[in-house]
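Here the structure comes first, spelled out in structure tokens, and everything after it is commentary.
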Amino acid sequence: MKRALLVVDVQNDFCEGGSLPVAGGAEVAHDIARLLQRWLDKTPDSPAYDVVVASKDHHLDPGEHWAHEPDYVDSWPVHCKVGSDGEAFHPNLDPQPFDAIFLKGEHQAAYSAFEGRTTGGTGLGEWLRAHEIEEVDICGIATDHCVRASAIDAVAEGFTTSVLLDLCAGVAPETTAAALEQMRTAGVTVE
């Protein structure tokens with residue numbers, strides 16, 4: 001079985017110092033980078049990934065997704081605006097050996113990486129199937145939002161899906177616990 005690693009939204013705005021910081025985001029970026037370096041170096045303990053892909057929040061004008069007085073449920077402060085430093089991958093996420101990057105949320109809210117597309121217009125599910133991927137491991141930010149949505153969609157798309165919890169950061173303990181339960185119920189393995 002061919003296996004992919006999906007790195008979800010490890011961007012400046014979702015790490016400490018960003019407009020929507022998640023505690024531990026910078027550390028998660030560093031830890032994912034260590035995993036990616038082992039994969040590149042093909043060390044004895046390196047993971048067996050056939051491809052490595054990433055998603056990015058990529059907002060031009062997402063409408064009501066942004067608000068001056070956000071409710072932090074359906075509306076949020078301005079974040080990951082195209083061309084801003086906040087939209088960039090966090091500097092701790094180095095190397096970035098991504099076979100493809102999927103951009104999501106240009107004109108509306110988008111939480112799942114499966115809502116994203118390459119600059120050429122290919123969706124994540126289509127891209128993974130074209131590369132004969134059957135298993136997807138997911139890591140990134142935030143466990144209780146975009147990681148959760150991406151994992152549930154991965155199962156719905158027919159992929160055997162695992163979330164690498166030690167390579168994720170969640171917004172709040174309560175919402176993270178609820179997200180873990182939702183993912184398990186959907187058939188996601190949480191490791």
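Points worth noting:
- Restricting attention to segment 109-168, the residues that are under 11 Å from Leu6 (Cα atoms), aromatic (Phe, Trp, Tyr) and more than 12 Å from the chain's Cα centre (by Cα) add up to 0.
- The residues of segment 160-179 that are hydrophobic (A, V, I, L, M, F, W, C) and not in a strand (DSSP E or B), listed by number, are Val171, Ala172, Ala177, Ala178, Ala179.
- Pairing residues of segment 110-128 that are farther than 14 Å from Ala156 by Cβ with residues that are β-branched (Val, Ile, Thr) and in a loop (DSSP other than H, G, I, E, B), at Cβ distances under 7 Å and at least 6 apart in sequence or on separate chains, gives Trp127/Thr118.
- When Ala88, Ala67, Ala100 are checked against the criterion of being farther than 15 Å from Pro21 by Cβ and under 16 Å from the mean Cα position of the chain (by Cα), a single residue qualifies: Ala100.
- Screening segment 62-83 for residues that are of a type in the set (Gly, Ala, Ser) and either under 30 Å from Asp41 (Cβ atoms) or free of Cβ contacts under 8 Å to residues at least 24 places away in the same chain (or both) and picking the one that is surrounded by the fewest Cβ atoms within 10 Å (Cβ to Cβ) gives Gly83.
- Residue list for segment 71-128, restricted to those being small (Gly, Ala, Ser), modelled with pLDDT under 95 and in contact with a Phe, Trp or Tyr (Cβ under 9 Å, 6 or more places away or on another chain): Ser75, Gly86, Gly105, Ala109
- Extreme residue, farthest from Arg117 (Cα to Cα), among residues of segment 42-61 that are surrounded by 15 or more Cβ atoms within 10 Å (Cβ to Cβ) and hydroxyl-bearing (Ser, Thr, Tyr): Tyr49
- Among the conditions (1) surrounded by fewer than 23 Cβ atoms within 10 Å (Cβ to Cβ); (2) part of a helix (DSSP H, G or I), Thr119 misses just one, which is (2).
The values are calculated or read from the model by the stated rules, or taken from the named source; none is laboratory data. A quick note: this is a predicted structure, and the numbers were derived from the prediction, not measured. Please note: Cβ atoms are built from the backbone with ideal geometry, for glycine as well, and neighbour counts cover all protein chains shown.
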